[in-house]
Number of protein chains: 4
Amino acid sequence: MAEAGEDAQVDEQGDWLGPERLLAFSDGVVAIALTLLVLPLAELVPEVAEPETSGLTVITDNLAAIGSFVLSFAVIARFWAAHHRVFDRARRVSHTLVGVNTAWLFTIVVLPFPTEMIASFPEDPFTLRFYVATLFASSALLTVTAVLVRRSLPGDEAQGLRNTAAGGTALLLLLVLVVTLVAPSLGYWPLLLLFLTSPIERVLGPLVERRLARPPSG
Amino acid sequence: MAEAGEDAQVDEQGDWLGPERLLAFSDGVVAIALTLLVLPLAELVPEVAEPETSGLTVITDNLAAIGSFVLSFAVIARFWAAHHRVFDRARRVSHTLVGVNTAWLFTIVVLPFPTEMIASFPEDPFTLRFYVATLFASSALLTVTAVLVRRSLPGDEAQGLRNTAAGGTALLLLLVLVVTLVAPSLGYWPLLLLFLTSPIERVLGPLVERRLARPPSG
Amino acid sequence: MAEAGEDAQVDEQGDWLGPERLLAFSDGVVAIALTLLVLPLAELVPEVAEPETSGLTVITDNLAAIGSFVLSFAVIARFWAAHHRVFDRARRVSHTLVGVNTAWLFTIVVLPFPTEMIASFPEDPFTLRFYVATLFASSALLTVTAVLVRRSLPGDEAQGLRNTAAGGTALLLLLVLVVTLVAPSLGYWPLLLLFLTSPIERVLGPLVERRLARPPSG
Amino acid sequence: MAEAGEDAQVDEQGDWLGPERLLAFSDGVVAIALTLLVLPLAELVPEVAEPETSGLTVITDNLAAIGSFVLSFAVIARFWAAHHRVFDRARRVSHTLVGVNTAWLFTIVVLPFPTEMIASFPEDPFTLRFYVATLFASSALLTVTAVLVRRSLPGDEAQGLRNTAAGGTALLLLLVLVVTLVAPSLGYWPLLLLFLTSPIERVLGPLVERRLARPPSG
């Protein structure tokens, strides 16, 4: 901590904390949000249980609910893995970073709400835009987080840091958000592009990063 | 741990524990309470889902529920950040501190209950006072925690410790509680002062602290 | 780990794990069980919300639910603090200990079920006995855990270990269980004795311990 | 980390992370899934509460729900203990391992859904197969995880590692899955074999392992 202290304290007010508790707390929130996604699925089981139905009809009658559960699980797991990489080398967090991280946690905690709305309003354009906008906000905040973490590192480590800013994901989600505004009939399918972002990030990421990240040492 | 052991064990019964598990446990409880706040929102979605409604009506018809969710999220996140700062230098916790921390956790765990009451009784004065009283209790217990932690530190570290006692927040919430008793028609708006406490704490905090904190070394 | 390895591996099959993950996992389960207790309270709010009711009637009409919530919170917090003390010096856990700890976690996870039953059947003798029996099982398993942890310590540390076996609590709960069988009309009041166990343990604990704990080094 | 770095980076792209956050996150998800299992039990209490019923009828009328709760608790606890052993010596995790672990977490998070289906459709063959298939998928992914962790270890440690691959459990669950296809009338009883797997694994495990695990050092 001492070796990075000097050049970090010049552009902040010198009131830093270790990242351990912030990460443990964030992991807890994300783990709970991820696991709570199953509750609406579990809760609709007794509602449809009637003598003539079988377990299979629970699934076939609730494909929208199951699809939105799987999609939100995959998205949160992906965002958590990005968060993991972003903070892997961080050794201190500023108050600004705690604030941005809290806003990011808010987007994760909120996600079960639009997820549940998809199950109830699978064709509704507003629900589609609300869901994609939540994902975009989450991804954009993670990009800001990545930039802040990189700035907190000493110069040589920041240079060696791989592109972890999730900037490509945020850009892609902004694009999908525009698509939901002009062509809502495409529904949730454009979101599948999210799982192709690894190659996209490899190309676009470094360009975005170079623009956003002010190099910490000269 | 050894260097602070001697002068700490004189004013307690010498039965101290490391803070790691207490903090991990507290983080878990707070993270869960924070994330559970969304459950009532997610649960009201299927109730209002009817052919003629859209996802937008879920939001416009439940502004009180959404507002109370956002407010409670912001308050718990703020209290957690204060808890983080309070324990940042603690290396041992006494049984008294475990007890006060448990009482604080109780106020956090209970919070989803008055939060849910706001959604159902947005205009009810009793609900308003119950909610503000819970926040005040939480903040007051956090102030006691801060004083206990500071007393457990060796003299030179306690001197260097920034004002983290959240005493200003507790005072402000006491004031808001009085306002809800004499002028309940103002509703939840006075709570927005909470997000202006940083400047207030910078002025009032040190004064409060000086009164409460008995210096641990002479 | 090396210094305690030799004499511990003689009475077990030498397949030990570090306690960190076991404790983190246990803390997580207990924190969640503790926090989930509020859910039934939060859920009954919208059910009673009618034009003529106020937030105060939610509380006055559900005193059994609120009382069982507070009681279970206090009991789980107490058991967690005992678990904390029991494992404070443990450096390795055997497979047997993992198994006993899992059984203890089961009693904690199950507790919201009888807690909810108290809210619905406040006068029912079966519910009273089921609740007290769950607490007794939890406490008895914690006593077994304490004995197993003490046996895993090298001789000198085990000697220095304060009485943490919660044996007094288990004995007290057995007594309360007998009371619920012969005089169920006393209801839940005998459980208040739980919060007087500190003095009882100070007297009875060492006697119980001496019987149960086989000293690990001759 | 340095000593194992060289031979591990040759078969992956050299982008490894420490396992601490992955394990803490996994522990959180598993702890929550485990604890959420009780929610359906707690929720059915107020539904059956009528003047003439007692707490005992809540239990006798819901034996399928209680049985599926106990079974799923035992299975998740067992899988967590296996996960604990698998990662006990891991010091770095690859992106592939993060991905497989996420898929494993998905099977754990999903489990409350088929568990709830058992309570509502205790005799339904589809529900039986869905539940057993989920367990098999979880166990198979844990076996893959074990193989990946072993490959990441330097040669001498991998040699010394006890059989922790849960390969025997996966094989057993595949067998039970076949039984549910040809003889669904046996219901959930074949799953009790799960609690006899310790002797089975001791015999079959090493054979399976030898086939699956490519030795990391020639």
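The values are calculated or read from the model by the stated rules, or taken from the named source; none is laboratory data. All values derive from a computational prediction rather than experimental measurement. Cβ: placed from backbone, ideal geometry, glycine included. Neighbour counts: every protein chain shown.
For this structure, a couple of remarks:
- So A:R89, is it within 20 Å of the chain's Cα centre (by Cα), more than 26 Å from B:I66 (Cβ to Cβ) and basic (K, R): yes
- For D:T57, the stated conditions hold: it is at pLDDT below 90, over 15 Å from D:L36 (Cβ atoms) and either touching a strand residue (DSSP E or B) at 6+ places or on another chain (Cβ under 8 Å) or of a type in the set (S, T, N, Q) (or both).
- Of all the criteria given as (1) buried (at least 17 other Cβ atoms within 10 Å of the Cβ); (2) more than 10 Å from every other protein chain (Cβ to nearest Cβ), the one not satisfied by A:L63 is (1).
- For the stretch C:28-46, the criterion of a residue being in contact with a Leu (Cβ under 6 Å, 6 or more places away or on another chain), buried (at least 23 other Cβ atoms within 10 Å of the Cβ) and at the interface with chain D (Cβ under 9 Å from one of its Cβ atoms) is satisfied by at least one position.
- Single residue of D:T169, D:T107 found to be assigned to a helix (DSSP H, G or I), modelled with pLDDT of 95 or more and under 21 Å from D:A33 (Cβ atoms): D:T107
- Selection count where residues are in contact with an Asp or Glu (Cβ under 9 Å, 6 or more places away or on another chain) and at the interface with chain D (Cβ under 8 Å from one of its Cβ atoms), scope the stretch A:66-85: 3
- When we screen A:E123, A:E116 for residues that are over 23 Å from A:G168 (Cβ atoms) and either assigned to a helix (DSSP H, G or I) or modelled with pLDDT of 90 or more (or both), the only hit is A:E116.
- In the stretch D:106-129, the residue that is surrounded by the most Cβ atoms within 10 Å (Cβ to Cβ) out of those that are under 30 Å from A:R78 (Cβ atoms), among the aliphatic types (A, V, I, L, M) and more than 7 Å from chain A (Cβ to nearest Cβ) is D:I108.
- Residue match in the stretch C:64-72 (condition: modelled with pLDDT of 90 or more, under 20 Å from the mean Cα position of the chain (by Cα) and not in a helix (DSSP H, G or I)): no
- Of all residues assigned to the stretch A:93-100, none qualifies as being over 21 Å from B:S54 (Cβ atoms), surrounded by fewer than 21 Cβ atoms within 10 Å (Cβ to Cβ), within 9 Å of the chain's Cα centre (by Cα) and of a type outside the set (A, V, I, L, M, F, W, C).
- Check on D:R129, of a type in the set (K, R) and modelled with pLDDT under 90: no
- Residues in the stretch A:47-60 that are surrounded by fewer than 17 Cβ atoms within 10 Å (Cβ to Cβ) and in contact (Cβ under 8 Å) with a residue 12 or more places away in the chain: A:V48 alone.
- Close pairs from the stretch D:92-114: first free of Cβ contacts under 8 Å to residues at least 12 places away in the same chain, partner of a type in the set (K, R) and crowded, with 21+ Cβ neighbours inside 10 Å, Cβ under 7 Å, at least 6 apart: none
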